[in-house]
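A quick write-up on the structure given underneath.
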Amino acid sequence: MTTTNTGTTASTPTDVPVGVQPGQGPASGQKTSAITNHALEAKAIAKSYVIGGQSRPVLDGIDFHVDPGECVFLAGPSGSGKTTLLSILGLLLTSDSGQLLLKGRRVDRLTEVERTLVRRERIGFVFQRFQLINGLTAEDNVSIPLTMDGMPLREARDRAGALLCRMGLEDHRKALPTSMSPGQCQRVALARAVINEPELILADEPTAALDGKSGQAVMELLHQLTKEFASSTVVVTHDPRIYQYADRICEMENGKFK
Amino acid sequence: MRWNLAYRTLFHDRGKLIAGLVGVIFSVVLVNIQGGLFFGLVNKASMLVDRSNADIWIGHRGMHNVDFAHPIPERYRYTVAGVEGVAEVQPLKLQFVNMALPGGKYQQVLLVGVAESTNLGRAYSIVDGPQDAINRNDAIILDRCDDDKLDSPQVGELREVNGRRVRVAGKSNGILNFLVTPYVFANYDDAIEIGGSNPDETSYLLVRLAPNADCQRVCRDIRTLLPELDVMTSDQYASLSINHWITRTGLGLSFGAATLLGLLVGLVMVGQTLYAMVLDRVGEYATLRAIGLGERELLSILAFQSALVASIGIAIGMVITIILKTLLSSPKATIEIPLMLYVGCGVLIFAICLFAAGLPYLRVRRIDPHTALQS
């Protein structure tokens, strides 16, 4: 584990949007893998919020990358821009300037519909408060990403059930989120994030709502699954007890890396 | 999955589901019962025509309502009888007269004189007294539903109509006038005598067609022979009589407004319920948007939920409507719900519910998936 920030070494990437299906569309064959091997790369990302009529910079020319299979932690005090950066990396927010490349393809200029499809197919999210759908069972919650991709519900449930069993939740497959403990809910949320083996997993303070033991268990699972699926992971956290799971820790302060 | 997500989240919040269903059920019941009362009421305007057993009605030029007849020459019946395709012609006499009540009061009634030897014009059916009551001397037939207005006359009781003694020989049930004036049936000759009318004049000539006769052609032939009279099929005259009351009284407007109000209440309740459900689930929708659910897919979830609420609500509403109709419909306040009203109401409310899904959709569109990370 290293505590550092590494700037990107890639040259200017091609300005080609990511297609819905990897390998399809005009971007196919034009990817810049020869230029960069990073799973995710952000270049000179800047973001400001207008607060009280005044523009306030939150991210100030951030350069960042994650390599395939790497687990990077974003640490730092509240208000340092960690979650904003995570949102931009996850295509939930657009940056004011800079470039964002996913597997060498620019994704910062995509339309809203294209961004939604990239999130669906290539990114898994783990939220601080689990964000499970209360009306759905654990199995159905985990099935969502598969069925959004067109998999029949029955087949998706079978796969979701198998994953939940692996995560020690075989007795809670049919349980509603309201009847599960926070640790169990976060394991379900984790299963939902990894079920379709995304290239990138983004986790926002995944242990903040859990006790120490549950937090460790969740991180252990996240570590195992991301290694198994070779997913790259970015974790925003304040919790030093889980730093052991990071390949690299990037500390932020006032919208910049230290 | 979208459907699974839609119905599971809908049924998860049973309180809001019930609120939405109540709105739809209320609309369905209100629209159907209002419509049924409307049809029941306006159909009274043509009851005499509908139950006359006649195919063609002939009356004065400009006839517009069955209850307001003007005299026409009775001898024209022979002219009409000679038209090809006419099997039978009978005169029908209508005249407003006064009936003396036991307490010394008077009640205006509409005296209907029907020919003895035929069922043409016999709109009633006897439920109390002999079936041939009308053929007896000085006999009249009243309706049970008018008992309150006529001080509860009994069969066999003597009454005075236009200063002449008559006997209540039988009673019908459910032959009611659109006006408050009760119908009193008598045989044709008695009616002329009671009313003091000119026997050379009558109110209508009723025609029964021979089998396989062309009704429109017979009407045309009669019009050619009697250009000073109006000639209509029974259906035409029934519609004309109904339209007269709907347009002259503004009845259609008032019932229509009440029905519209029912639809509006349903629209607001369904829209408001779905909107409240969305407000409760903004976080969940933001999460779904974050993990890759598109805007159109969210709209389809809302539309499916609306359609589900509408379908269940319409089904329950129809059952309640049928029960209420069975329990509440009476000859005085008839609830007549034609199949087209059931179907039209169902389709309209279903469409309105889908439209109501637009309200929460406007809110869902504004959901920023980024908020999933902030909650």
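Things worth noting here:
This table checks each residue for (1) more than 16 Å from the chain's Cα centre (by Cα); (2) among the charged types (D, E, K, R); (3) modelled with pLDDT under 90; (4) not in a loop (DSSP other than H, G, I, E, B).
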position: A:L210; (1), (2), (3), (4): yes, no, yes, no
position: A:Q216; (1), (2), (3), (4): yes, no, yes, yes
position: A:L221; (1), (2), (3), (4): no, no, yes, yes
position: A:T226; (1), (2), (3), (4): no, no, yes, yes
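Every residue, every condition in (1) among the polar types (S, T, N, Q); (2) touching a Leu at 6+ places or on another chain (Cβ under 9 Å); (3) outside any strand (DSSP E or B); (4) at pLDDT 95 or above, yes or no:
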{"residue": "B:A6", "(1), (2), (3), (4)": "no, yes, yes, no"}
{"residue": "B:L10", "(1), (2), (3), (4)": "no, yes, yes, no"}
{"residue": "B:I18", "(1), (2), (3), (4)": "no, no, yes, no"}
{"residue": "B:V24", "(1), (2), (3), (4)": "no, no, yes, no"}
{"residue": "B:N32", "(1), (2), (3), (4)": "yes, yes, yes, no"}
{"residue": "B:F38", "(1), (2), (3), (4)": "no, yes, yes, no"}
{"residue": "B:N43", "(1), (2), (3), (4)": "yes, no, yes, no"}
{"residue": "B:I58", "(1), (2), (3), (4)": "no, yes, no, yes"}
{"residue": "B:G62", "(1), (2), (3), (4)": "no, no, yes, no"}
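- Screening the candidates B:S234, B:S241, B:S254 for the property of being under 18 Å from the mean Cα position of the chain (by Cα), at negative phi and at pLDDT 95 or above yields one hit, B:S234.
- In the stretch B:128-170, the residues that are part of a loop (DSSP other than H, G, I, E, B) and farther than 25 Å from B:P331 by Cα: B:R136, B:N137, B:D138, B:N162, B:G163
- Hits in the stretch A:32-80 - residues which are within 14 Å of chain B (Cβ to nearest Cβ) and at pLDDT below 90: A:Y49, A:S78, A:G79
- Matching residues in the stretch A:158-171 - criterion: being touching a residue at least 12 places away in the same chain (Cβ under 8 Å), assigned to a helix (DSSP H, G or I) and either more than 14 Å from chain B (Cβ to nearest Cβ) or buried (at least 21 other Cβ atoms within 10 Å of the Cβ) (or both): A:A160, A:G161, A:L163, A:L164
- The stretch A:119-135, subset surrounded by fewer than 22 Cβ atoms within 10 Å (Cβ to Cβ) and not basic (K, R), residue farthest from A:T226 (Cα to Cα): A:N134
- Meets criteria (in contact (Cβ under 8 Å) with a residue 12 or more places away in the chain, within 11 Å of another protein chain (Cβ to nearest Cβ), under 18 Å from B:I291 (Cβ atoms) and not small (G, A, S)) for A:P206: no
- Within the stretch B:127-152, the set of residues being hydrophobic (A, V, I, L, M, F, W, C) and more than 25 Å from B:S197 (Cβ to Cβ) comprises B:V127, B:C145.
Matching residues to (1) of a type in the set (G, A, S); (2) within 14 Å of chain A (Cβ to nearest Cβ); (3) under 23 Å from the mean Cα position of the chain (by Cα):
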{"site": "B:I322", "(1), (2), (3)": "no, no, yes"}
{"site": "B:S329", "(1), (2), (3)": "yes, no, yes"}
{"site": "B:L341", "(1), (2), (3)": "no, no, yes"}
{"site": "B:V347", "(1), (2), (3)": "no, no, yes"}
{"site": "B:A351", "(1), (2), (3)": "yes, no, no"}
{"site": "B:A357", "(1), (2), (3)": "yes, no, no"}
{"site": "B:H370", "(1), (2), (3)": "no, yes, no"}
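- On the stretch given as the stretch A:122-157, residues that are more than 7 Å from chain B (Cβ to nearest Cβ), assigned to a helix (DSSP H, G or I) and acidic (D, E) total 2.
The values are calculated or read from the model by the stated rules, or taken from the named source; none is laboratory data. Note that the coordinates shown come from a computational prediction; the quantities given were computed from them, not determined experimentally. As a convention, Cβ positions derive from the backbone with ideal geometry for all residues, glycine included, and neighbour counts pool all protein chains shown.
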